[in-house]
Amino acid sequence: MKKLATQEAILAAAKELFIAHGYKGTTTAQIAKLAGISEMTLFRHFAKKEDIFRRVIDPVVSFVDRLSVAKHENLKQIVTELLQNRLPFLLEEKDLVRLVVLESYVGEGQSNPIVEVIQKLAAHFTILQQEERELLIRLIAGFLLSAIFLPKRQSSDKQMTESFLHSVLYPLLDS
């Protein structure tokens, strides 16, 4: 296997196992076996299991980085893009989001992926006062997590997003 193909096989196997068994319930030996490689080959590509885990969850943790609206631009544009363009990705990766939430406390001295997302999100809202910024982030996080984890409603995700934007977030941003 070529280097990139091997890394992709490792990450695909790790994603499947982490989702099924969690971080602590998955071993590098299991990942290597499912990827069809030796554990030694796995360690040639990744120094430790945590490095594999970070790469697996990166799409969820870095989704804020892919906002096309520049920081400090119109806040309505930022929240609109965040909810309309990123929610479908998060819904598609529901199991990975669940993994990030369940594994968010990774131990003393280690980074918390949810805190990372919140910090990245907060950087887009520095024009707001601290209290308003925290409220906005909590509202967005609550909406995203409820859209992902609660049973589907009669309305579409797009209708639900539009309703949330116009009924809750835009009035808050206009005040």
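The values are calculated or read from the model by the stated rules, or taken from the named source; none is laboratory data. As the structure is a computational prediction, the values presented were derived from the model and not from experiment. Don't worry about glycine lacking a Cβ; one is built from the backbone with ideal geometry, like all the others, and counts go over all protein chains shown.
Give the residues of the range 116-144 that are surrounded by fewer than 15 Cβ atoms within 10 Å (Cβ to Cβ) and either under 20 Å from K94 (Cβ atoms) or in contact with a Lys or Arg (Cβ under 8 Å, 6 or more places away or on another chain) (or both), sorted by residue number. Across the range 116-144, the qualifying residues are A123, T126, A141, G142.
Can you pull out every residue in the range 20-36 that is more than 22 Å from the chain's Cα centre (by Cα) and in contact (Cβ under 8 Å) with a residue 24 or more places away in the chain?
Step one: list which residues in the range 20-36 are more than 22 Å from the chain's Cα centre (by Cα), which gives 27-30, 32-36.
Those that are more than 22 Å from the chain's Cα centre (by Cα) and in contact (Cβ under 8 Å) with a residue 24 or more places away in the chain: T28, A35, G36.
Please specify each residue of the range 6-20 satisfying the condition of being out of contact with any helix residue (DSSP H, G or I) (no Cβ under 8 Å at 6 or more places or on another chain) and closer than 14 Å to L99 by Cβ. Answer for the range 6-20, where residues must be out of contact with any helix residue (DSSP H, G or I) (no Cβ under 8 Å at 6 or more places or on another chain) and closer than 14 Å to L99 by Cβ: just A20. Suppose the filter is more than 28 Å from I19 (Cβ to Cβ) and over 20 Å from the mean Cα position of the chain (by Cα); does S156 pass it? No; evaluated as a whole, the condition is false for this residue.
Looking for something in contact with a helix residue (DSSP H, G or I) (Cβ under 7 Å, 6 or more places away or on another chain), over 22 Å from F53 (Cβ atoms), in contact (Cβ under 8 Å) with a residue 40 or more places away in the chain and not assigned by TED's automatic domain parsing to the domain that holds H21 - is there at least one such residue anywhere in the range 154-163? Scanning the range 154-163 turns up at least one residue that is in contact with a helix residue (DSSP H, G or I) (Cβ under 7 Å, 6 or more places away or on another chain), over 22 Å from F53 (Cβ atoms), in contact (Cβ under 8 Å) with a residue 40 or more places away in the chain and not assigned by TED's automatic domain parsing to the domain that holds H21.
Can you find a residue in the range 37-44 that is small (G, A, S), assigned to a helix (DSSP H, G or I) and either surrounded by fewer than 14 Cβ atoms within 10 Å (Cβ to Cβ) or without any contact (Cβ under 8 Å) to a residue 60 or more places away in the chain (or both)? Reasoning before the result, please.
Filtering the range 37-44 down to residues small (G, A, S) leaves 38.
Within this subset, residues satisfying the condition of being assigned to a helix (DSSP H, G or I) are none.
Checked the range 37-44: no residue is small (G, A, S), assigned to a helix (DSSP H, G or I) and either surrounded by fewer than 14 Cβ atoms within 10 Å (Cβ to Cβ) or without any contact (Cβ under 8 Å) to a residue 60 or more places away in the chain (or both).
Filter the range 76-112 down to the residues that are in contact with a helix residue (DSSP H, G or I) (Cβ under 7 Å, 6 or more places away or on another chain) and modelled with pLDDT under 85 and list them by number. Of everything in the range 76-112, those that are in contact with a helix residue (DSSP H, G or I) (Cβ under 7 Å, 6 or more places away or on another chain) and modelled with pLDDT under 85 turn out to be R86, S104.
Being under 15 Å from L82 (Cα atoms) and not hydroxyl-bearing (S, T, Y) narrows it down to one of L102, L128, L135, L165, so name that one.
Working: L102 fails: under 15 Å from L82 (Cα atoms); L128 fails: under 15 Å from L82 (Cα atoms); L135 fails: under 15 Å from L82 (Cα atoms).
Of the residues listed, the single one that is under 15 Å from L82 (Cα atoms) and not hydroxyl-bearing (S, T, Y) is L165.
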